[in-house]
């Protein structure tokens, strides 16, 4: 039996001053130059509420980075270290990814803790873009959930090797064996246990290391004492079976271990570890570890696995694109050596507005960057002098003099966009690093400040948040005269609304945006309108004769004006007045107050007076002609139809089709592949509000959809009637009284 005591700084108290002393002392040792093999850049990703932030808190504690552990929801009014935003501590969720760094057994580990909610998926995207490895955290009860699927796709997109950590073994109904099965069946991972739990739920006592073939018990204060013992007798047979299963999965994808197995050579502990490292780096095998971060079990072995199995920056191929005139874009491999022999190349992957201006998170891919160096933005060709370099520990900063290839750092005073490439040598200005994937927003809402005096603060908040988050978009709809914000979900937009109130003292109102309906004529209608006014002095006289024609369906969003007059009944200098009167009337229809579209105003004839006619008189005559057509013509309302594409697992196909039918949608195509189906449909935009939330509810969060404008089409009679009634009420007309009178 062996007892291992992990040494931590002694005499630490919970006071803020002592904690700062710890951080400063820690920082000075961290700033020492490390070889490339001593660096790990990892992310911690999972579905919401799988325990990512709790796990990060334990990692920081066991490595001596923080003096005390705190819980995510801040029951002690402190909250987790990585949840520095007040909203995060109140809601108990991670909203923004946070970076930190720590040391474990002389290995420097840079960590990014990412959000788990699908609404903040861009935070995971940009973190995985710059990281070399990841820990995929899975809940022992929930298993593979919706955001787990998304995170898995993101890791695959950026070719990021990962270790799976099944967390929350202490929860009721915990079943790590079912989670392993889901890893294989739902995520298609070649995965196997390298650890087994000793007991589950309340009986969770420790873990068994299948490679070393020993039991580990986490004892003492906060699980600092690790006691190594023999495998319990009742688990020896299972451990032998699972170890054989592990070697079988490895031999299927690793030639070296496969040859040893076929030649019946003895497979040692080091042979297994080397095979796991080789296959993990190639993403052909996923080692599965177990534990419970909340109960302080399994975290230290996970750190050992990060060091042993995940790559250092030199083992990852980083490619830059070089554009040359007259030839195809060339790909070059960046040199990750930390000796500074190559010029600096870095990628800005995240922006954040801080107390001292814009804080730009960057990853150094090549060379060395020193304080007071000048760097160039290859997109904007701007030159920037680096006045301050910092390393980040959540919302705390440590100034450093230089950074090297493989480091994650931040700098101030750089005006750039997320995804910009920076170089130190002007000869590399045609070089660019691949940017991260940014998903399109799926939910839009109208937004307006509650107080007009807050307009300036509102503009500042919008400018900051749209720069920081590429999935949060803002535009002003000229049709509905509304400010519209778009994002990844209703929670996403709600969080930004709350941040505006907290950080800018600007309370806002979110609401369903108005749909840009249109009014059009159902059949051609003739007009013959005389405008005549005499009130002393020069009068007004103008007659316009013609027709208003309907345009074909493919032109039903347009309006046209044609002058078909012959002779001088309508002098040419007055025709622009007629056109202007027609166009102005098209800005607001008399049926529902929406714009008029899909018609052509044909001016055929008219009459004028030598003295009383003017361009303004013909302007008023054209408006009167359109009003007459409104009174005698047959009008209908058009609504925008969206082309919608929905992707979800096959088991939810019936529910999704039913929901589309209820929203007056028409299916135009359907495909299915590998347990997933894709439905293409045309659905009125007016019926799509709230669909993102409904789809997630129907598909357990696994469904996704995208939509784009397709065309305008007549709306249903009930929708048209409701629009007319709403418009009449807005004009102050007593609709109910009018209905009774008609009866």
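The values are calculated or read from the model by the stated rules, or taken from the named source; none is laboratory data. The model shown is predicted, which means the values in this text are computed figures rather than measured ones. Positions of Cβ are generated from backbone atoms using ideal geometry, with glycine treated the same way; all protein chains shown enter the neighbour counts.
On inspection, residue 252 qualifies as closer than 25 Å to residue 307 by Cα, touching a residue at least 40 places away in the same chain (Cβ under 8 Å) and surrounded by fewer than 19 Cβ atoms within 10 Å (Cβ to Cβ). Would you check if there is a residue in the range 667-682 being within 18 Å of residue 516 (Cα to Cα) and at pLDDT 80 or above? There is at least one residue in the range 667-682 that is within 18 Å of residue 516 (Cα to Cα) and at pLDDT 80 or above. Mind checking which residues of the range 483-529 are without any contact (Cβ under 8 Å) to a residue 40 or more places away in the chain, crowded, with 18+ Cβ neighbours inside 10 Å and within 30 Å of residue 559 (Cβ to Cβ)? The answer is 483, and nothing else. Among the numbered conditions (1) closer than 30 Å to residue 533 by Cα; (2) surrounded by 15 or more Cβ atoms within 10 Å (Cβ to Cβ); (3) touching a residue at least 60 places away in the same chain (Cβ under 8 Å), the only one that residue 632 does not meet is (2).
Does residue 559 satisfy the criteria of being touching a residue at least 12 places away in the same chain (Cβ under 8 Å), under 39 Å from the mean Cα position of the chain (by Cα), on the phi < 0 side of the Ramachandran plot and assigned by TED's automatic domain parsing to the domain that holds residue 522? Give the steps one after another, and end with the answer.
Values: touching a residue at least 12 places away in the same chain (Cβ under 8 Å): yes; under 39 Å from the mean Cα position of the chain (by Cα): yes; on the phi < 0 side of the Ramachandran plot: yes; assigned by TED's automatic domain parsing to the domain that holds residue 522: yes.
In short, yes.
Total residues in the range 261-284 satisfying the condition of being at pLDDT below 90 and assigned to a helix (DSSP H, G or I): the figure is 2. With respect to the conditions (1) without any contact (Cβ under 8 Å) to a residue 60 or more places away in the chain; (2) in contact with a strand residue (DSSP E or B) (Cβ under 9 Å, 6 or more places away or on another chain); (3) within 27 Å of residue 161 (Cα to Cα), residue 308 falls short on a single one, namely (2).
Scan 480, 486 and give me the residue that is over 24 Å from residue 714 (Cα atoms), out of contact with any helix residue (DSSP H, G or I) (no Cβ under 7 Å at 6 or more places or on another chain) and either at pLDDT below 85 or not in a strand (DSSP E or B) (or both).
Values: 480 fails: over 24 Å from residue 714 (Cα atoms).
Step by step, each of 480, 486 is checked, and only 486 is over 24 Å from residue 714 (Cα atoms), out of contact with any helix residue (DSSP H, G or I) (no Cβ under 7 Å at 6 or more places or on another chain) and either at pLDDT below 85 or not in a strand (DSSP E or B) (or both).
Is it the case that the range 165-185 has a residue that's buried (at least 19 other Cβ atoms within 10 Å of the Cβ), within 30 Å of residue 472 (Cα to Cα) and in contact (Cβ under 8 Å) with a residue 40 or more places away in the chain? Within the range 165-185, none of the residues are buried (at least 19 other Cβ atoms within 10 Å of the Cβ), within 30 Å of residue 472 (Cα to Cα) and in contact (Cβ under 8 Å) with a residue 40 or more places away in the chain. Would you check if there is a residue in the range 156-163 being modelled with pLDDT of 90 or more, closer than 21 Å to residue 285 by Cβ, over 25 Å from the mean Cα position of the chain (by Cα) and outside any loop (DSSP other than H, G, I, E, B)? There is no residue in the range 156-163 that is modelled with pLDDT of 90 or more, closer than 21 Å to residue 285 by Cβ, over 25 Å from the mean Cα position of the chain (by Cα) and outside any loop (DSSP other than H, G, I, E, B). Scoring residue 725 on the criteria (1) under 22 Å from residue 642 (Cα atoms); (2) part of a helix (DSSP H, G or I); (3) at pLDDT 85 or above leaves a single failure, condition (1). For the range 579-592, taking the residues that are surrounded by 17 or more Cβ atoms within 10 Å (Cβ to Cβ) and at pLDDT below 90, the one that is nearest to residue 619 (Cα to Cα) is identified as 589.
Of all residues in the range 538-565, those that are in a loop (DSSP other than H, G, I, E, B) and either in contact with a strand residue (DSSP E or B) (Cβ under 8 Å, 6 or more places away or on another chain) or modelled with pLDDT of 95 or more (or both) total 6.
So, in the range 559-578, of the ones that are over 14 Å from residue 617 (Cβ atoms) and in contact with a helix residue (DSSP H, G or I) (Cβ under 9 Å, 6 or more places away or on another chain), which residue ends up surrounded by the most Cβ atoms within 10 Å (Cβ to Cβ)? This residue is 565.
The number of residues in the range 220-243 that are free of Cβ contacts under 8 Å to residues at least 24 places away in the same chain and either closer than 14 Å to residue 273 by Cα or surrounded by 15 or more Cβ atoms within 10 Å (Cβ to Cβ) (or both) comes to 1. Take the residues in the range 196-219 that are outside any strand (DSSP E or B) and out of contact with any helix residue (DSSP H, G or I) (no Cβ under 9 Å at 6 or more places or on another chain); name whichever of them is surrounded by the most Cβ atoms within 10 Å (Cβ to Cβ). Among those residues, the one meeting the criterion is 204.
Has the range 320-328 got at least one residue that is outside any loop (DSSP other than H, G, I, E, B) and free of Cβ contacts under 8 Å to residues at least 12 places away in the same chain? Looking for residues that are outside any loop (DSSP other than H, G, I, E, B) and free of Cβ contacts under 8 Å to residues at least 12 places away in the same chain, one finds none in the range 320-328, hence no.
Which one of these is more than 24 Å from residue 485 (Cα to Cα) and in contact with a helix residue (DSSP H, G or I) (Cβ under 7 Å, 6 or more places away or on another chain): 716, 678, 699, 693?
Numbers: 716 fails: in contact with a helix residue (DSSP H, G or I) (Cβ under 7 Å, 6 or more places away or on another chain); 678 fails: in contact with a helix residue (DSSP H, G or I) (Cβ under 7 Å, 6 or more places away or on another chain); 693 fails: more than 24 Å from residue 485 (Cα to Cα).
Of 716, 678, 699, 693, the one residue that is more than 24 Å from residue 485 (Cα to Cα) and in contact with a helix residue (DSSP H, G or I) (Cβ under 7 Å, 6 or more places away or on another chain) is 699.
One residue alone among 403, 414 is touching a strand residue (DSSP E or B) at 6+ places or on another chain (Cβ under 7 Å), part of a loop (DSSP other than H, G, I, E, B) and either under 26 Å from residue 100 (Cβ atoms) or in the same structural domain as residue 100 (by TED's automatic domain parsing) (or both), and that residue is 414.
Quickly run through the range 382-398 and pick out the residues that are free of Cβ contacts under 8 Å to residues at least 40 places away in the same chain, part of a strand (DSSP E or B) and out of contact with any helix residue (DSSP H, G or I) (no Cβ under 9 Å at 6 or more places or on another chain). Talk me through it step by step, then tell me what you get.
Within the range 382-398, the subset free of Cβ contacts under 8 Å to residues at least 40 places away in the same chain is 382-390, 397.
Restricting the remaining residues to those that are part of a strand (DSSP E or B) gives 383-385, 389-390, 397.
Within the range 382-398, 384, 385, 389, 390, 397 qualify.
When 458, 465, 422 are screened for being crowded, with 18+ Cβ neighbours inside 10 Å, at pLDDT 85 or above and assigned to a strand (DSSP E or B), only 422 passes.
Given the condition under 30 Å from residue 432 (Cα atoms) and crowded, with 17+ Cβ neighbours inside 10 Å, answer yes or no: does some residue in the range 281-304 qualify? Can you show your working first?
So in the range 281-304, the residues under 30 Å from residue 432 (Cα atoms) come out as 281-284.
Now restrict to residues that are crowded, with 17+ Cβ neighbours inside 10 Å: 281.
Yes, the range 281-304 contains a residue that is under 30 Å from residue 432 (Cα atoms) and crowded, with 17+ Cβ neighbours inside 10 Å.
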